[in-house]
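These notes are about the structure you will find just below.
Read-outs: derived from the displayed coordinates by stated rules, not from any lab. Treat the numbers as computed from the prediction; the structure is a model and nothing was measured. Cβ sites come from the backbone with ideal geometry, for glycine too, and all protein chains shown count toward neighbours.
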Amino acid sequence: MKYILVNFVFITFFLSYTGYLKEIDKGYGIGDYATDFSLPDINGKKVSLADYKDAKGFLVIFTCNTCPYAIAYEDRIIDLDKKYKTKGVPVIAINPNDPNLQPSDGVEYMKKRAMQKGFTFPYLVDIGQEIFPQYGATKTPHVYLLEKNKLGNVVRYIGTIDDNYSNASAVKTKYVENAVDAMLKGEEISITTTRAIGCSIKSR
Amino acid sequence: MSAYKILLNLFFIIVHCIILWDLETIAMIRMILCFSILLFIGCGIKESKKTKSETSELVKNEFTSPDSLGIPIYNFDELEPLLNKMDDKIHIINFWATWCGPCIKELPYFEKINQEGKANNWEVILVSLDMPSMWKSKLVPFIKAKNLRSEVVVLNDPDQNNWIPKIDKNWSGSIPATLIYNRKERKFYEQPFTYEMLKKEIQEFR
């Protein structure tokens, strides 16, 4: 019996080991302080988180014109901004794509898209593509909920907006709304990271 | 012999072992255990082969039916067996979509690798993440225009936060992404490939 037990322990150990070989560490985790930035909006005006003196936090969303997932979520991003701006948590959208690689993400096209959809939030260009790698954004759309305190902006949630990209009316869990609501109430956020399919950020 | 019977046998052997409890029996049991495991794996291979031929039949049927797309549409539970085949092959699973530029760029490399698969005992499956609205308008015409030879399946499962970590716990969800596995190991790549890079990675599975 002992032999069998030893065998079992060995096999279990082996299986668990192979599963945990690589642990990638890129960008922010929950609880990290996120960097501020000064990026131009579609009219060339620089926008920083520091400009928002009364904000309690931010929904920094990396998104773009071209990705079908980003497009599928456009209306829901506008709704998030409308709902939470008045509560002190505005949306700040950043387009991280290199327009040389994805011409339809150039600033003129961003302007057009923002007008068409009636964006109520700033739509910024990640000039030089320096901000998205610091956040660790890999795709569009990619949401970071930040909470402002005396020292800076703490990352509270990273991930997707909800659990159904294709049908807003079939959504069961609104991850971002739940996170913002909990944050504003000073409660613990139950789901702090989620994953979703998105378009990889186009960079050189 | 069915897997169920083998399990039942194993259970009896273990009970036997507990009752008799001496070293010689244990040595014998170890032998029987090894043998049963081999048998078990054998059955597994047969079963996976069976499912495969069933799937290709399904594909065939769908092709002949004029209303359907001609591509299997899976949710994650239905896709999962394709990611866990226990045969002798190397499996290359590429997650892509027609709207994803870098995916389209690397598709010819996967096609080329797939063509070499017969001689090298590996196979490619292209898992499309196109949205339902794009299946008829974009995906099917694309497959025809590019004359894709690899097996194409569609994964349509909106609850992505549930299944993405099951494919790889480090996958953030961006595509292109590729899983390469055989019976012994599996590796996941959240990156685009060139033909040379892909070939090199596959050869490391030998």
Quick check for you: which residues of segment A:137-158 have the amide N under 18 Å from the point 7 Å beyond the Cα of A:Tyr33 toward its beta carbon? A:145-157
Kindly put A:Thr86, A:Thr173, B:Thr98 in sequence by how many other C-beta atoms sit within 10 Å of each C-beta, fewest to most. A:Thr86, A:Thr173, B:Thr98
Here the cysteines of chain A lacking a cysteine partner under 4.7 Å (Cβ to Cβ) are A:Cys64
FRET efficiency, A:Ile127 to B:Lys187 (Cβ-Cβ, R0 51 Å, nearest 0.05): 0.90
For A:Arg195, A:Arg76, ascending order of other Cβ atoms within 10 Å (fewest first) is A:Arg76, A:Arg195
Return the single residue from A:Asp162, A:Asp51, A:Asp105 with maximal mean-square fluctuation; model: Gaussian network over chain A, springs between Cα atoms under 10 Å. A:Asp51
Let me make sure I get this right: for segment B:84-190, a, b and c are the square roots of the gyration tensor eigenvalues over alpha carbons, sorted descending. Under 1.5 in a/c it's rounded, otherwise prolate if a/b > b/c, else oblate. Which is it? oblate
Give, as a single signed number, the net charge of other residues whose beta carbon lies under 12 Å from the beta carbon of B:Ser172, with Lys and Arg counted +1 and Asp and Glu -1. +2
Give me the log10 of I(q) over I(0) for segment A:29-200 at q = 0.14, 0.19 Å⁻¹, as the Debye formula computes it from C-alpha points; what are the numbers? -0.67, -1.33
Net lengthening on full extension, A:Ser166/A:Leu151 (0.36 nm per residue, minus Cα-Cα): 1.6 nm
Taking the Cα centre of segment A:38-147 as origin, work out the dipole magnitude from +1 charges on Lys and Arg Cβ and -1 charges on Asp and Glu Cβ, in debye rounded to 20. 360 debye
Please go through the residue pairs A:Lys117/B:Lys146; A:Lys85/B:Lys169; A:Lys202/B:Lys105; B:Lys118/B:Lys200; A:Lys26/B:Lys169; B:Lys138/B:Lys187 and name each one whose alpha carbons sit more than 23 Å apart in this structure. A:Lys117/B:Lys146; A:Lys85/B:Lys169; B:Lys138/B:Lys187
Listed residues A:Ala114, A:Ala34, A:Ala182; largest mean-square fluctuation, Gaussian network over chain A with Cα springs below 10 Å, found at A:Ala182
What does the net charge come to around A:Asp163 if you take all other residues with beta carbon closer than 9 Å to its beta carbon, with K and R at +1 and D and E at -1? 0
Going by C-beta contacts inside 10 Å, put A:Phe58, B:Phe205 in order with the fewest on the left. B:Phe205, A:Phe58
